[in-house]
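So the structure is just underneath, and the comments pick up after that.
What follows is calculated from the coordinates using simple rules that are stated; it is not laboratory data. Every value quoted in this text rests on a predicted model; they were computed, and no experiment measured them. Neighbour counts run over all protein chains shown; Cβ positions are idealised from the backbone, glycine included.
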Amino acid sequence: MSADPDEALLRDLAWPLVREFSPAERDELFPLLSAAYFADPKAFARNGTVGGPLAFGLPELAVIVTPALLAAMSEVVRYVVTEAALKGVKATADGIRRLFGISRRPDSAPDEDEPLTLTAEQWNQIRRIVERVARQGGVPADQAELIADAVVGQGHRGSGPA
């Protein structure tokens, strides 16, 4: 049985960052921790602490980072999809204008074929989202900041999995 596409996307986005934060985390541990997260995603924010049966005997960082990144990336994906939808609405409006022979407004969106790019303010918003979600899950402030920096850094580098 294959994973839900949303879950697969979140795993793809989180895995390189988990490896960056917790190089000792083997390939076998991430699927267990991510499966536990996806079994009850709201438990991460509800508990406000990390732990549970999978935490026994594991390095604390691995237990913190995996659910924090999965929860944060879930919110980041929602934010980016919303931003992309807004861009699509503007591009569609331009297409309708062209169809009816109305000139494109100077402040209108770029062509639909242009890839989605984020402004500095949007990247700052992503950073705030990641920090907020991590803190809600009980991640200490300094680690939440590092996680947020890593997410934004990965986005700027475009260094997702191959």
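Compute the FRET efficiency between D40 and F100 as 1/(1 + (r/R0)^6), taking r as their Cβ-Cβ distance and R0 = 30 Å, and round to the nearest 0.05.
The formula returns an efficiency of 0.05 here.
What does the charge count near E145 come to, summing +1 for each Lys or Arg and -1 for each Asp or Glu among other residues with Cβ under 13 Å from its Cβ?
Overall, the nearby charge balance is +1.
Around V130, under 11 Å between beta carbons, what's the net of Lys plus Arg minus Asp minus Glu among the other residues?
Computed value for this residue: 0.
Taking the Cβ of S34 as the center, what net charge do the other residues with Cβ under 10 Å away carry, scoring Lys and Arg +1 and Asp and Glu -1?
My count for the surroundings of S34 gives 0.
State, to one decimal in nm, how far the label point of K90 lies from the label point of D12, with both points 7 Å from Cα in the Cβ direction.
2.6 nm
In nm, give the distance between the simple-model label positions of L32 and H156, each being 7 Å from the Cα along the Cα-to-Cβ direction.
Between L32 and H156, the label points sit 3.6 nm apart.
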